[in-house]
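The structure appears right after this line, and notes come after that.
Values quoted throughout were computed directly from the atomic coordinates according to the rules given, and no laboratory measurement underlies them. Keep in mind it's a predicted model, so treat the numbers as computed, not measured. Here Cβ is always computed from backbone atoms with ideal geometry, including for glycine, and neighbour counts include all displayed protein chains.
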Amino acid sequence: MEQLLYYWAMRTVDPEQHARKRAAILYAAAVEFATHGVDGTSTARICRRAGIGSGTLFHYFATKRAIFHALFGDDFEKNAAACRQALDLGDPAAGLDALLEHLLADLGDPLVPGLAAAVLFEVNRDEEFARLVAADEARTRAALTTLVQRLAAAGRTPLFAPARVAGWIHRLVDSGYLGAGEPGFDPVAHAAELRRIVAWLTGRAPS
């Protein structure tokens, strides 16, 4: 009987409303994590910011750890899709540009410095989360390497071996996010400069 009631309840859920509520919870959590850190954030804080009760929150996420994992798990899924789309483009230069734009898209987000700090903190104490981050980084670097290899095959000689160039691009993107909270940081200027560096690394800089 309980199982039948569960299936009936799930069929009556509006998928769009469910997705909107979940997104609102994750955004509220992102603000709290960025502002107060993981340990300084409670589920009560997230509920207050999202304007929901604890019962609603626990309908979506059983624990604060589950919220944190879901917040970045969504980003990992988006990154995976961006890598696939970049690799599917027939032109490797267009693919690399598209992937780079995706990777730089959140540089101007004011939550970035706090969330970057939270990620570094959790990687060092949550083995499962560390594995998820490592898998995301490996997937991104592999896509970058493939795109640089394709550019090389098309006549664009990279400055270093493709895997090394991909590693530099990945580290430069990461350094941008880690430095986003520094005084005077300009995300637009930083992204433009990084694009020029990537063009140089991949043999596409104007001679």
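For the chain, what does -39500 (n - 2.57) per DSSP helix run (n ≥ 4), summed and divided by total residues, give at 222 nm, in deg cm²/dmol to the nearest 500?
So the calculated ellipticity at 222 nm is -25000 deg cm²/dmol.
Give, as ranges by residue number, the residues of segment 18-34 whose backbone N falls under 19 Å from the point 7 Å along Cα→Cβ of residue 63.
Label zone hits: 26, 29-30, 33.
About its Cα centre, how strong a charge dipole does segment 71-207 have in debye, to the nearest 20, once Lys and Arg get +1 and Asp and Glu get -1 at the Cβ?
Value, rounded to 20: 780 debye.
Specify which residue in the list 50, 105, 24 is farthest towards the positive end of the charge dipole of the chain, using unit charges on the beta carbon of Lys, Arg (+1) and Asp, Glu (-1), about the Cα centre.
Comparing the listed Cα positions along the dipole, 105 ranks first.
Need the full-extension length gain, residue 14 to residue 186, defined as separation in residues times 0.36 nm minus the C-alpha distance. One decimal, nm.
Separation in residues times 0.36 nm, less the Cα-Cα distance, equals 57.8 nm.
For mean projected area of the Cα convex hull in nm², which listed value, [x] 11.2; [y] 10.5; [z] 14.5, comes from the coordinates shown?
Recomputing mean projected area of the Cα convex hull in nm² here gives the entry labelled [z].
Mind checking the angle between helix 187-201 and the chain's longest principal axis? C-alpha axes, 0 to 90 degrees, to the nearest 10.
It works out to around 40 degrees.
Work out, step by step, the length gained on full extension between residue 94 and residue 137: first 0.36 nm times the residue separation, then minus their alpha carbon distance; give nm to one decimal.
So the chain would gain 13.4 nm between residue 94 and residue 137.
So, R0 is 45 Å and r is the distance between the beta-carbons of residue 27 and residue 157; what FRET efficiency does that work out to, to 0.05?
So the FRET efficiency works out to roughly 0.55.
Once the Cα atoms of helix 112-123 and of the chain are each reduced to a long axis, what angle between those two axes, in degrees from 0 to 90 to the nearest 10, is obtained?
80 degrees
Using label points projected 7 Å from each Cα along Cα→Cβ, tell me how many nm separate residue 78 and residue 193, to one decimal.
Each label point lies 7 Å from its Cα, and together they span 2.5 nm.
Within segment 21-35, whose backbone N sits under 19 Å from a point 7 Å along Cα→Cβ of residue 117?
Counting backbone N atoms under 19 Å from the label point, the list is 28-35.
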